[in-house]
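The values are calculated or read from the model by the stated rules, or taken from the named source; none is laboratory data. Quick caveat: nothing in here was measured; it's all calculated off a predicted structure. Neighbour counts run over all protein chains shown; Cβ positions are idealised from the backbone, glycine included. With ligands, DNA and RNA removed, areas are computed over all heavy atoms of the protein, side chains included. Shrake-Rupley method; radii C 1.70, N 1.55, O 1.52, S 1.80 Å.
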Amino acid sequence: MPWFPAPQRDSPDEVAAAHQALVYAGYPRREAAAELQTHLSRVRAASASLRDTVLAGFLVGATLAVSLAFVLAITAFVMDVAVGRGVPVITSGGVAVVRGADNGETSDRPATDPEDVGRGLPLDILVSAATIEVLLGVAGAGMALVSRSRWRRAGALETFTDLNPERGAWLPTLAVWVAVGGLMVLAVRIQGGEQLVEGAVIALAFVGIPLLAVVFARAFPSLYRWFLLRVSRLDAAAFVRPIIELESALQIKAERQTYSRSAYHGAAYDQGAWADEVLARLDTSRTARRRR
């Protein structure tokens, strides 16, 4: 399927130039590649459009909702087999229910027994599942907006070495989960009536929302990078390359002035020459922009 292979959004030439700049600045090649990929994901999260941000976040939340529903369904099935009414098994004489608590004993019922025919998922369960999926999608969209704002404020679009990210951005994250919790309580009131609201508030406040927040904190970052890379067509390397080249060239120039030019020879001299070339090119570009 075309969605599963990682698409090539970033220009290979821009990525290679940024990677070489980090190597010139003193990073080992493998570490430079890892740091560059991490920064590209931050820049993509900070510079993606609102539409792409919300869509990718919603898909992450919906995916987590489906995964949680699948885990709960398997858990309920296992518990039903172990201690519940058992598993219906179709036989030649009708339907035999194998009970986990009855040491394998079975009881025969006609295949057309109304209790067995009506044992499917009721409509209200399907509606509740769809509601939860939408609400967790909204939570994912909110967390995506928090990530976008966080990396913008950290300076991901202006610097590579002097990032100042907020630790977890706990205040906007809390606001997202309070809003989602309120929507969940409203959904319970609409579907289950006012008599269930008090229990829903207690369950969400002490179990549901904290558990969902932990699950999102662990799974959201990697899933969001995966979805955003496929939703957004942004070339993040085009943003990253000039920033990394400028900071690397300034670092090399400062080290050259500190340790004197005579300390550079061979590859080190090539680094100095590269830094002079980058600074001259960027200065020419800035002058041209000011003239325009």
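What to note about this one:
- Count of residues meeting criterion [in a helix (DSSP H, G or I) and either more than 16 Å from the chain's Cα centre (by Cα) or without any contact (Cβ under 8 Å) to a residue 12 or more places away in the chain (or both)] in segment 147-171: 5
- Looking only at segment 53-76, and only at residues there that are in contact (Cβ under 8 Å) with a residue 12 or more places away in the chain and open to solvent by 20 Å² or more (accessible area, probe 1.4 Å), the one that is farthest from residue 230 (Cα to Cα): 69
- Among the candidates 248, 262, the residue that is out of contact with any Asp or Glu (no Cβ under 8 Å at 6 or more places or on another chain) and either at pLDDT below 85 or surrounded by fewer than 17 Cβ atoms within 10 Å (Cβ to Cβ) (or both) is uniquely 262.
- Boolean, residue 5 is modelled with pLDDT under 85, in contact with an Asp or Glu (Cβ under 7 Å, 6 or more places away or on another chain) and of a type outside the set (Val, Ile, Thr): no
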